[in-house]
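Taking it in order: structure first as structure tokens, then the write-up.
FYI, it's all coordinate maths here, none of it is from the lab. Since this is a predicted model, take the numbers as computed values, not measurements. Because the Cβ atoms are built from the backbone with ideal geometry, glycine has one as well, and the counts that use them run over all protein chains shown.
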Amino acid sequence: MQKRISPAASVSGSITLPGDKSISHRYAMIAAISEGETLIHNYSTGADCHSTLGCVRALGIEAEERGTDVRIRGRGLDGLRAPAGDLDAGNSGSTIRMLSGILAAQPFRSRLFGDESLSRRPMQRIMQPLAAMGAKIAGRDGKFPPLEIEGGPLHPIDYVSPVASAQVKTCVLFAGLFAGGTTSVTEPVRSRDHSEIALREFGADVRVEREKVSIAGRPRLTGRELTVPADLSSAAFFIAAALMLPGSSLSIRGVGLNPTRSALLDFLVGEILVRHSLLAGGVIEKGLTAALIDEIPVLAVLGAVTRDGLTVRDAAELRIKETDRIRTVAENLRRMGVDAEELPDGLAVPGLQRLHAGEFDSYGDHRIAMAFAVGALAARGDSVIHGADAASVSFPGFWDTLAGITD
């Protein structure tokens, strides 16, 4: 699918965004292994989160959808059933990585696969700690999906992760739910803590000490009624558009501002009001990189129009997302006539540059499609986004929402 984007004078109005993708995944998985019913309001409309629901259903869990409400009837820690066939994670790295932690402890065999993009994403970072807990897990060429998991009893570990990854941390914590004793994960810097918060909501004993998170095994998890806040990562695209375009004034309602998710912002409110600003730019590195990892594509576009430009370091993680996001961001920036240097672990984008219209490729990556749609609003002339349908992975209504706020 191609999308033609015309330049906009400004963006204005008030919008409500879909439920947070990361939180939706976690609520659905934990609800499945909790006792009793969980009602999730404002569940993400993205395709990735519906891959998670599909997997949950295949494991014998009732999950009923009514609009953006999802009712899940959990069967407890020991209630999942062997799937009749392979589990399809679609394009969702969150689904395959986090669900593997649960499946590693089940008394049956599972096989998880995904689309062509997911099949290229390495999985050693979850395979290694799960194996250390006693899991039997194998992948294509020893590291790629499909993953074959022969579930069984697990023992707790104190895992020191070489990377700051919320997905890896969650996988190990989910596995730790089924192990006797206490399982811990220590990261080089603290990653987003959606899992810690969600697990506590359902009744797990989770303790946090700086970069170390510990969970007690075999808790009694209980179903809850929960509301997923709007996705701040989705909000980032509209925030960037409002900051770039003179005369913009945009209100974004109901956004979840968890401090480990809201490094874009320094306050805890549910509504964001954004107006056009001339930004200084700066450097994203170390812990800030981990906090902003999903927003870096659109921040790189925004960086080109800041005073000092943007430098991103410590972001090698971006090379193993849906695409190599360092390469695809740099390539599309150059198509806009923007100087951009690709670094081994990041990007360097000088400031005070003009954005030019062009033809951009999403490379099948939802965040690339949406980031360069935002850039196209500030470009001179009409631009074309190839592979624009990739946005549906996290935000099916993105193009209609964008059209509704542009002048």
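Take every Cα-Cα pair in the stretch 47-148 and report what % of them are more than 18 Å apart. Cα-Cα pairs of the stretch 47-148 separated by over 18 Å account for 46 percent. Out of all DSSP beta bridges with both ends in the chain, state the antiparallel percent to the nearest 5. Antiparallel bridges: around 70 percent, rounded to the nearest 5.
Against the compact-protein benchmark of 2.2 N^0.38 Å, the Cα-based radius of gyration of the stretch 119-161 scales to 1.15. Peptides 156-166, 327-337 ranked from most to least packed by the mean count of surrounding Cβ atoms within 10 Å: 327-337, 156-166. Relative intensity of the stretch 21-227 on a log10 scale, I(q)/I(0) at q = 0.12, 0.14, 0.19 Å⁻¹, equals -0.52, -0.73, -1.47, per a Debye sum over C-alpha point scatterers of equal strength in the absence of solvent. Placing unit charges on the Cβ atoms of the charged side chains and taking the dipole of the stretch 192-341 about its Cα centre, the candidate lying farthest along the positive direction among 277, 238, 223 is 223. Considering all different alpha carbon pairs of the chain, the Kirkwood hydrodynamic radius works out to 21.5 Å. Answer rounded, prolate or oblate for the stretch 317-407, using the Cα gyration tensor with square roots of eigenvalues a ≥ b ≥ c: rounded when a/c is under 1.5, else prolate when a/b is larger than b/c, else oblate. Oblate is the answer for the stretch 317-407, as a/c is 1.5 or above yet b/c matches or exceeds a/b. Among residues other than residue 216 with Cβ under 12 Å from its Cβ, the summed charge is +3 (Lys and Arg +1, Asp and Glu -1).
Under a model in which nothing but the beta-carbon of Lys, Arg (+1) and Asp, Glu (-1) is charged, the stretch 306-395 shows a dipole of about 240 debye around its Cα centre.
FRET efficiency for the residue 278 to residue 1 pair, using the beta carbon distance and R₀ = 30 Å, is estimated at 0.30. From a point 7 Å beyond the Cα of residue 205 in the direction of its Cβ, which residues of the stretch 18-37 have a backbone N at a distance under 14 Å? Backbone N within reach: none found.
Computed about the Cα centre, the dipole magnitude for the chain is approximately 440 debye when only Lys and Arg (+1) and Asp and Glu (-1) carry charge, each at its Cβ. Would you list, by chain and number, the lysines whose Cα falls below 21 Å from the Cα of residue 136, excluding same-chain residues fewer than 8 positions away? Partners within reach: 169.
In plain terms, the chain from residue 400 to residue 64 could stretch by 118.3 nm, reckoned as 0.36 nm per residue minus the Cα-Cα distance. Calculated mean residue ellipticity at 222 nm for the chain: -8500 deg cm²/dmol, from DSSP H runs with n ≥ 4 weighted as -39500 (n - 2.57), summed, divided by the residue count and rounded to 500. The slack between residue 150 and residue 320, meaning 0.36 nm per residue of separation minus the straight C-alpha distance, is 58.6 nm.
Relative to the longest principal axis of the Cα atoms of the chain, the long axis of helix 93-103 lies at roughly 10 degrees. For the stretch 180-240, the percent of C-alpha pairs falling in each 10 Å distance bin, counted from 0 to the bin holding the largest distance, reads 18, 39, 30, 11, 1.
A straight chain from residue 227 to residue 249 at 0.36 nm per residue would run longer than the Cα-Cα distance by 5.2 nm. A Förster radius of 30 Å, combined with the Cβ-Cβ distance separating residue 41 from residue 115, puts the computed FRET efficiency at roughly 0.55. Taking R0 as 60 Å, what FRET efficiency do you get between residue 124 and residue 359 from their Cβ-Cβ distance, rounded to the nearest 0.05? So, using R0 = 60 Å, E works out to roughly 0.95.
Ordered by the number of other Cβ atoms lying within 10 Å of each residue's own Cβ, fewest first, 238, 372 fall into the sequence 238, 372.
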